[in-house]
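Structure first, commentary second.
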Amino acid sequence: MTDPLSKRRLKMWIRLLGVTRAAEGGLREYLRVTHDTTLPRFDVMAALWRRRDGVTMSELSRMLLVSNGNATTVVDRLEKDGLVKRSPSATDRRTVYVALTEEGGRVFEVWAAGHEAELSRIFEHVDEADLDALTAILKRMGREKE
């Protein structure tokens, strides 16, 4: 017997993807136009902001769910721009740590404030009750992984 909610769940998934893609597109455009940067650069800097002591390139790749090569390409550009720095490990010469520079931290704070404001604008039609309900639903949905 087929689950009677199966088709509705499929439609919900498609709607969820559509909302996510539209919001991501809006953020990409905002970052490009307002800060002359990309969402991958923002994501790398956000990860480094959360781990201010620095992370290995492998840790960074895992945090961002991207390949080492993709992370390296973004870090190369950020390093060239003076926003991140690489440091060799004192104990393993194959390991390199990456962290925000002081300038990178200042730049990220500006980007992050704008990013938050832009997301608030994108979702301005979602009120407090909607946020509470949606957050509770998404938390329940996320339990499937546990």
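Data overview
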{"read-out": "Subset of the range 17-65 [more than 30 Å from Arg93 (Cα to Cα), part of a helix (DSSP H, G or I) and polar (S, T, N, Q)]", "value": "Thr20, Thr34"}
{"read-out": "Whichever residue in the range 74-101 is part of a loop (DSSP other than H, G, I, E, B) and at pLDDT 95 or above and, among such residues, is surrounded by the most Cβ atoms within 10 Å (Cβ to Cβ)", "value": "Leu83"}
{"read-out": "The one condition in (1) among the acidic types (Asp, Glu); (2) closer than 26 Å to Leu119 by Cα; (3) free of Cβ contacts under 8 Å to residues at least 12 places away in the same chain that Asp92 fails to fulfil", "value": "(2)"}
{"read-out": "Near pairs, Cβ below 8 angstrom, 6+ apart or cross-chain, from the range 99-111 (among the acidic types (Asp, Glu)) to any residue that is crowded, with 17+ Cβ neighbours inside 10 Å", "value": "Glu103/Leu83"}
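The values are calculated or read from the model by the stated rules, or taken from the named source; none is laboratory data. Small disclaimer: the values here were computed from a predicted structure and weren't measured. For neighbour counting, all protein chains shown are included, and Cβ atoms are generated from backbone atoms with ideal geometry for every residue, glycine included.
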